[in-house]
Amino acid sequence: MKNTPIPEPADIAEGVIAYMASMGYKQTHYVDDVTTVTPNPKQAEESAIEAGIPLLVRTGVRYTDSEAVRVTITTMPTGRNVLRYELGTGVPNA
């Protein structure tokens, strides 16, 4: 979204989902793809890991009822991160 704070490397006070909804882009569903990759030397340096340690890559696409409106790509070194997805309703387990 051009001319908005979304692509800037700073927090949006109300959060990006609420901000986008205020602009008419109510997110209704999402798709996450999680893969692993062998990092190239630059990725290994940026992630502060040794060569050969895989990275988890989560690509999240957020949709309105009619279109994709946001893509987030997150990379995480394996061995020091946990991905937890709780789906459905109810109280999350502690």
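Under 7 Å between Cβ atoms, at least 6 apart or on separate chains: pull out the pairs that start in segment 62-76 with a residue that is within 28 Å of Ser47 (Cα to Cα) and end on any residue that is part of a loop (DSSP other than H, G, I, E, B) and of a type outside the set (Phe, Trp, Tyr).
Close Cβ pairs satisfying both conditions: Arg62/Gln27; Val69/Gln27; Thr75/Ser47.
What number of residues within segment 25-39 are within 10 Å of Val57 (Cα to Cα) and more than 14 Å from the chain's Cα centre (by Cα)?
Total meeting the criteria: 2.
List the residue pairs whose Cβ atoms are under 8 Å apart, where the first residue sits in segment 9-21 and is surrounded by 14 or more Cβ atoms within 10 Å (Cβ to Cβ), the second is of a type in the set (Val, Ile, Thr) and assigned to a loop (DSSP other than H, G, I, E, B), and the two are 6 or more positions apart or on different chains.
From segment 9-21, the pairs are Ile12/Ile6; Val16/Ile6; Tyr19/Thr4; Tyr19/Ile6; Tyr19/Ile12; Met20/Ile6.
Could you tell me which numbered condition Val16 fails, if it satisfies all but one of (1) at pLDDT below 90; (2) in contact with a Leu (Cβ under 7 Å, 6 or more places away or on another chain)?
Single failed check for Val16: (2).
Looking only at segment 31-68, how many residues end up being surrounded by 13 or more Cβ atoms within 10 Å (Cβ to Cβ) and closer than 23 Å to Leu83 by Cα? Can you show your working first?
So the first thing to find is which residues in segment 31-68 are surrounded by 13 or more Cβ atoms within 10 Å (Cβ to Cβ), and the list is 32, 34, 39, 43-44, 47, 49, 53-64.
In the following step, the residues that additionally are closer than 23 Å to Leu83 by Cα were identified as 32, 34, 39, 43-44, 47, 49, 53-63.
Within segment 31-68, residues that are surrounded by 13 or more Cβ atoms within 10 Å (Cβ to Cβ) and closer than 23 Å to Leu83 by Cα number 18.
The values are calculated or read from the model by the stated rules, or taken from the named source; none is laboratory data. On a predicted model such as this, the values are computed, not experimentally measured, just so you know. Neighbour counts are summed over all protein chains in view; Cβ atoms, including those assigned to glycine, are modelled from backbone coordinates with ideal geometry.
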